[in-house]
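What follows is a single structure, written as structure tokens, with notes after it.
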Amino acid sequence: MNEGLVFISDSRTNAGVDQINTFSKMHVFAQDRRFLVLLSAGNLATTQGVISHLGRDIKQNPSENLYTQETVRDAANYVGEISRVEQQRYLQENEEKTGVREATFLLGGQIEGEEPRLLMIYPEGNSIRATDETCFLQLGETKYGKPILDRILEKTTSVDRALMCGLVSMDSTMKSSALVGPPIEYTIYLRDTYCQAIQHTLDQNDEFLVQLRQAWSDHIKKAFPSLPLAPGLSSLKTFYRGNVLKLKQKHQKQPKSPSG
């Protein structure tokens, strides 16, 4: 948004019949006049490997790490290359295993000297940037929660309204997919501050999450009857009543069969 950036993530990494695993998918990196948030989706071994690699470079490689990148785009390219390395390492260590090893990331934030940026990093290492026309990006199970984002979000949307829109989107996704679940984490970044304005976690039975889910459901049910009728529907009841009446009249005129 013009005011800054909103990040929201769930924490579910596995939702099998007998086991549900949760790990944080949101990671914050802040130093001096730079603030970056990394969100992850995909193979857990790859995503955890990337996060560990980033942390190790920050501690052991002062000449080349996430804090030495000049722009957010450079930082995205750096994360993309590390992701490629971790995917290849995963293949070498698990030659006999099959399955998806890829991971996708969202990287957003601001480095002094440029505007706040938000980019999606693909498993191949390349990335795309959010634009004025497409001001949000999604990872993972995107289809269920996308409609409200498409209808509400614009570059001029306030960050508080964007957060509420994102939380409703996340709740809609949880309603339709067992692959997404709490805790829900969110962070708001306001431009030129280089720190978190808000950071919060919503657990499974968080009172606000329960209220939000119920309020959104109630408002949809209230709004639905006010929608304009599809062409032809206005005469449907008349058609039904007329045909039922004809059938009753026809039945009454038919001679009764003799009783035995």
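By average Cβ neighbour count within 10 Å, what is the ranking of 23-34, 213-224 from highest down? Walk me through the numbers before you get to the answer.
Details: 23-34: 15.8, 213-224: 11.1.
Put in order of decreasing packing, that is 23-34, 213-224.
Rounded to the nearest 0.05, what FRET efficiency is calculated for LYS221 and ASP150 with R0 set to 22 Å and r the Cβ-Cβ distance? Mind dumping the intermediate values first?
On the way: r = 21 Å, r/R0 = 0.98.
Once rounded, the FRET efficiency stands at 0.55.
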Simple spin-label estimate for MET164/LEU179, 7 Å along Cα→Cβ, in nm, reads 3.0 nm
Per-residue accessible area, 1.4 Å probe, largest first, puts CYS195, CYS135 in the order CYS195, CYS135
Note to self: C-alpha centroids of segment 44-95 and segment 168-226 sit apart, in Å, by 30 Å
Treating only Lys and Arg (+1) and Asp and Glu (-1) as charged, each at its beta carbon, one finds that segment 61-153 has a dipole about its Cα centre, in Debye to the nearest 20, of 380 debye
So VAL85 and PHE239, fully extended at 0.36 nm per residue minus their Cα-Cα distance, gain in nm 48.8 nm
Both in Å, the radius of gyration and Dmax of the C-alpha trace of segment 86-209 are 16.8, 50
Cα-only Rg/Rh for the chain with Kirkwood Rh rounds to 1.21
For the chain, longest principal axis from Cα atoms; helix 159-176 axis from its Cα atoms; angle between them, nearest 10 degrees, is 60 degrees
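As a test of the formula, what do you get for the chain when each DSSP H run with n ≥ 4 contributes -39,500 (n - 2.57) and the sum is divided by the residue count, at 222 nm and rounded to the nearest 500 deg cm²/dmol?
-12500 deg cm²/dmol, from helical runs alone.
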Long-range alpha-carbon pairs in segment 25-92, meaning those over 19 Å apart, account in percent for 28 percent
In terms of the charge dipole of the chain, which places +1 on Lys and Arg and -1 on Asp and Glu at the beta carbon, the residue among ALA178, GLN196, GLN214 farthest towards the positive end is GLN214
For the chain, the charge dipole (Cβ of Lys, Arg +1; Cβ of Asp, Glu -1; about the Cα centre) points to a positive end, and the Cα of LEU227, LEU163, MET120 closest to that extreme belongs to LEU227
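Based on the mean of other Cβ atoms within 10 Å per residue, sort peptides 138-147, 123-132 so the most packed one is first.
138-147, 123-132
The values are calculated or read from the model by the stated rules, or taken from the named source; none is laboratory data. The model shown is predicted, which means the values in this text are computed figures rather than measured ones. Because the Cβ atoms are built from the backbone with ideal geometry, glycine has one as well, and the counts that use them run over all protein chains shown. Just the protein is used for accessible areas: all its heavy atoms, side chains included, with ligands, DNA and RNA removed. Shrake-Rupley method; radii C 1.70, N 1.55, O 1.52, S 1.80 Å.
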